Each structure stands twice: as structure tokens, then as C-alpha cells.
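Q: Right, I'll just put the structure down here and ask away after.
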Amino acid sequence: MNVFISWSKNLSKECAEILRDWIKCTLQASEPWVSSKDIDKGSLWFNEINDQLKDTKVGIVCLTKENKSNPWILFESGALAKGLSANRVCTFLIDLTPADLANPLAQFNHTMPDQEGMKSLLSSINKELGGNALEDRILDQVFETYWPQFERRFNEVVKNTPSTHEIEPTRSPDDILTEILYTTRTLDKRIRYLEKRNSDFHVNRGFSKLEMIDRIGMLINKGLNPEEVAMELEGIAPVEFIMDIAMPMYKKRKFKGANLEKSN
């Protein structure tokens, strides 16, 4: 099972290589893959990314203060987001906190380079190994064995690797407040929706499976993404059923849209 590790600039690259070795040592059934080319080296890289994403189950984006707005990082993050579900893509925050990130990177799950964060990352990868996954008891033992090695190497690299570019300023207070406002409005919309759904739930109970599929298709065609569709239909059908139907429809619609733009 491939684990795609994205990096850009020197510190990110050093940490990505440490992360690759550590994941391989702890979960030997995994195949961590670190990109080794820069975007300036040619368009063949697009094909290589697509080949890797075919078998990729987990994506990790190694972020630093100097690369968090880098076009290459944003490109690879976008490729991962299109190929994987949101819960399978995470950022590895080397010298950052989640508050330092703006969209679209702020939307991913974030991993801090501490013991708790790395244990959670390892558990998430282990779950994707299916029949090759380690038992929780064994995983705990493996983590305790290899964690000190990772911590020592990581701290050495962060301390000894100089920045090669001017560090960008952290997010402005206005940017953070805008994100808080957006999140608050989203939660308010969800609460109002749930209140309305509870008041007229009996109207929605008679849907057959085919009717639900038609309804999901209608919402996708209106421009909603699968998560928004699941929110709209929450309580009417199981979330797993909604996502299984909505995700292929959404990808097909995006694919058609991309081809239409190319033809124009």
C-alpha cells in the first residue's frame, strides 16, 4: 500500500525522508513514497504523480513556514485531495501550527510532530493496510520502539537545516477571523437544517433506494459535493450509503467539467 509523501524546499525534504524511513520501519507492509523532482523539471512529473496515486491510500504533505504557500505543495495537495477522501490526506506540520494555515491546506487533518500526533498518524495508516494491519497491541510495541529514533532525528534536522528562503508572515488576524466566521455560519446552517428536518421528518420517510439515488444525483448536479449531500440527507439514509453513491457521481461530474474546459 503506497503512502504518498509530498515535500517542497530543503527542510521539508529532509523531514519527508525521515518520515518515509520511519513509516517503513514501523509498518513494513506499507510503501512510503517521497517525490524526488521539482515542478520545474518538466511535465512528465504529472504522469508520475498519477501513476503513484493509483495505488495510494494515504497522502502526507510536509509543511514548513517557508513552503506552505509554495505552488508545488498546493499542486500535489490538490492532486491528493482529488484522488483520496479527505480523511486520508493529512498535513505534517514541521514548524507550524494549524492556525498558521489558510485554505485549502487548512481543510486537511493536521499531524503535529509529537508523540501523540505521530501515534495517531501511524494508527491511521495501519487501518488502511487491511489484512496486513498490525494488531493494536503489536502496533503499540512497535511505536514505543521506533518513536525515540524518529524524535531524535527529527529534532536534529529541524535544528541543523537552515531556511533557504525568506519566511512568510503568519496569517493575519483578519484572515483567522474570516475563517472563524465561515465556520460559525456553517455550524449555524447545519443547526437550522437539523431543526427543520426534525420538524418535518415524517415527510421524508417514504424514499425507496432508487428514489434516494435519484435525489443524490439531483443534489450533485446542483453543484453540491458529497459531504454537503450527506448533510442535506442526514437522517433520511445512512451516511455510508449516501457517500458510496455520491462520490462516484461527483467524480464523474468533475471529470466531465474538466474535459469541457479543455475542449473550450
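The values are calculated or read from the model by the stated rules, or taken from the named source; none is laboratory data. In this text the structure is predicted, and so the values were computed from the model without any measurement. For neighbour counting, all protein chains shown are included, and Cβ atoms are generated from backbone atoms with ideal geometry for every residue, glycine included. Please note that ligands, DNA and RNA were not included when accessible areas were found on the heavy atoms of the full protein model with its side chains. Shrake-Rupley method; radii C 1.70, N 1.55, O 1.52, S 1.80 Å.
Q: Are any of the pairs K82/K222; K57/K254; K68/K251; K24/K119 more than 25 Å apart by Cα-Cα distance, and if so, which? Mind showing how you got there, number by number?
A: Numbers: K82/K222 19 Å; K57/K254 21 Å; K68/K251 27 Å; K24/K119 14 Å.
Table pairs above 25 Å Cα-Cα are K68/K251.
Q: What number comes out for the charge environment of N126, summing +1 per Lys or Arg and -1 per Asp or Glu over other residues with Cβ under 10 Å away? Kindly include the intermediate steps, with their values, before the conclusion.
A: On the way: positive: K127; negative: E128, E135, D136.
Summing Lys/Arg as +1 and Asp/Glu as -1 gives -2.
Q: With every protein chain left in place and a probe of 1.4 Å, what is the accessible surface of E240, to the nearest 10 Å²?
A: Accessible area, nearest 10 Å²: 130 Å².
Q: Ranked by accessible surface with a 1.4 Å probe, highest first, in what order do R137, R88 come?
A: R137, R88
Q: Related question: For E240, what charge total do you get from the other residues with a beta carbon under 14 Å from its beta carbon, if Lys and Arg give +1 and Asp and Glu give -1?
A: On the way: positive: K209; negative: E227, E234, D244.
Charge balance near E240 sits at -2.
Q: Ordering V239, V3 from largest to smallest accessible area (1.4 angstrom probe), what's the sequence? Spell out each step's value before the answer.
A: Numbers: V239 75, V3 0 Å².
Reading off the accessible areas and sorting them downward yields V239, V3.
Q: At a probe radius of 1.4 Å, what is the per-residue accessible area of I220, in Å² to the nearest 10?
A: Roughly 0 Å² of I220 is accessible to a 1.4 Å probe.
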